[in-house]
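Bear in mind that the values in this text are calculations on the coordinates, not laboratory data. Note that this is a predicted model, so its numbers are computed, not measured. A quick note on method: Cβ atoms are made from the backbone with ideal geometry, for glycine too, and the neighbour counts reach across all protein chains shown.
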Amino acid sequence: MPDQTPYISVVIPVYNEQETLEELYTRLTSALDQLDKPYEIILTNDGSADRSSELLQQLHQRRPSQIRVIEFNGNFGQHMAIMAGFERVKGEIIITMDADLQNPPEEIGKLVAAIEAGHDVVNTHRLGRQDNQWRIWVSKMHNKARAWMMPKLKMEDEGCMLRAYRRHIVDLMASTGESTTFIPALALNYAANPTEIGVLHETRFAGKSNYGFYKLIRYNFDLVTGFSVFPLQVFTMIGMVISLCSFLFVLFLIGRRFIVGPEVEGVFTLFAVMFFLLGIVLLGLGVTGEYVGRIYQEVRKRPRFVIRNVLEKTRSPVQDVPVETVES
Ligand code: UDP
Ligand code: MG
């Protein structure tokens, strides 16, 4: 059904995935063919430095009306790559997944069934997660912290990107225009009837994770600062408690002065207290800075990503026949 309007759109961000693209193509197309519904696959090349661009072009040539390729001008991040796909989807059900085959394409049928059962957002958690112990531990801690800070964000596992959305949810997400966002959390903001299911997880087919320690921290900050002001509120609370304690301490010192008389001991204790408070002040400044930085990023209104070209086959409005287009 290559030239029909797609019913399912699969959106995949690609960053330096030259070793996995062929296998991804084989497994994904065979899984989607089995569903027997018209579909499209949108792959966004997020500024890969390897041969991904060339390989994606070949994939598009193999199935020009089903595989569309968006080429970014640089590396704008996984979520922006998905967003660019969202802006162009034609399907009614939209699936997001990773290119490295950690999300088995054979699980897509389950997600489609959940949307067809009436849900507008299908969240997922990874069953038998295949990552190293360090990553699993970091995710567990972060999921716990996030659940505590953002109780309204009901999801067990924020890191699994194999998810499904109804078209109107995707259109809403694409219209936000935010340059730093976290798609699964954004979707939940608009969902009326979300659900969550378990999906299998595999080890990376080839290559290595793009998320090192620093990128993971940045990624998690995007989630927390993008969807909650809880960290700022924590600092207001800490500030209030410390002010109260300091006030009581001053009263105590005045009392002591009258009872015991002038004292000079305890200088180092004073230093310790000062350094502790200074640490809290610096941390608070950092947290405030994270929010100010996000505001700065948004008010500059720079384009959130730059598309170099798009490989797709569109229908000619005059004859209604498919034509090959390369947009630049
Ligand atoms: N990715 C991307 N841009 C980036 C980093 C990652 O488009 O800057 C893509 C990557 O190609 C993959 C997905 O995002 O399809 C998830 O990345 P990765 O597998 O490295 O992350 P992990 O699974 O380790 O969290
Ligand atoms: Mg991965």
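Distances between placed amide hydrogens fall under 5 Å for His125 paired with Ile197, Gly198, Val199, all partners being 5 or more residues away or on another chain.
Here the 3J(HN,Hα) profile of segment 123-129, calculated from phi with Karplus coefficients 6.51, -1.76 and 1.60 at θ = phi - 60°, is 7, 9, 10, 7, 8, x, 4 Hz, Gly and Pro shown as x.
Cross-link reach is defined here as a Cα-Cα straight distance under 24 Å, omitting same-chain residues fewer than 8 places apart; for Lys37 the lysines meeting it are Lys90, Lys110, Lys313. For the chain, the Cβ-based charge dipole about the Cα centre amounts to some 980 debye (Lys, Arg positive; Asp, Glu negative; other atoms uncharged).
Model label points for Thr269 and Glu202, set 7 angstrom from Cα along the Cα-to-Cβ axis, are 6.4 nm apart.
The dipole here belongs to segment 107-153: it is taken about the Cα centre, uses +1 on the Cβ of Lys and Arg and -1 on the Cβ of Asp and Glu, and is about 360 debye.
Just to be sure I follow: if Rg is taken over the C-alpha atoms of segment 216-264 and Rh is the Kirkwood radius over the same atoms, what is Rg/Rh?
Taking Rg over the Kirkwood Rh, I get 1.40.
Annotation for Arg300 and Gln133: the two label points, set 7 Å from Cα along the Cα-Cβ direction, are 4.1 nm apart. Taking amide H positions as modeled 1.01 Å from N, with prolines and chain starts lacking one, no residue 5 or more places away or on another chain lies under 5 Å from Asp157. Direction-averaged projected area, Cα convex hull, the chain: 21.2 nm², rounded to one decimal. Here's how it looks for Arg308: its modeled amide H is under 5 Å from those of Glu71, Phe72, Asn73, which are all 5 or more places away or on a different chain.
The slack between Asn143 and Ser209, meaning 0.36 nm per residue of separation minus the straight C-alpha distance, is 21.8 nm. Counting charges near Arg300 (Lys, Arg +1; Asp, Glu -1) among other residues having Cβ under 15 Å from its Cβ returns a value of +2. Cross-link reach is defined here as a Cα-Cα straight distance under 13 Å, omitting same-chain residues fewer than 8 places apart; for Lys144 the aspartates and glutamates meeting it are Glu156, Asp157, Glu158. Membrane-span-like helices in the chain, defined here as complete DSSP H runs extending at least 18 Å along the helix axis by their C-alpha atoms with mean Kyte-Doolittle hydropathy no lower than -1.0, are 21-35, 133-149, 213-227, 230-260, 267-300; this is a sequence and geometry rule, not a statement about a membrane.
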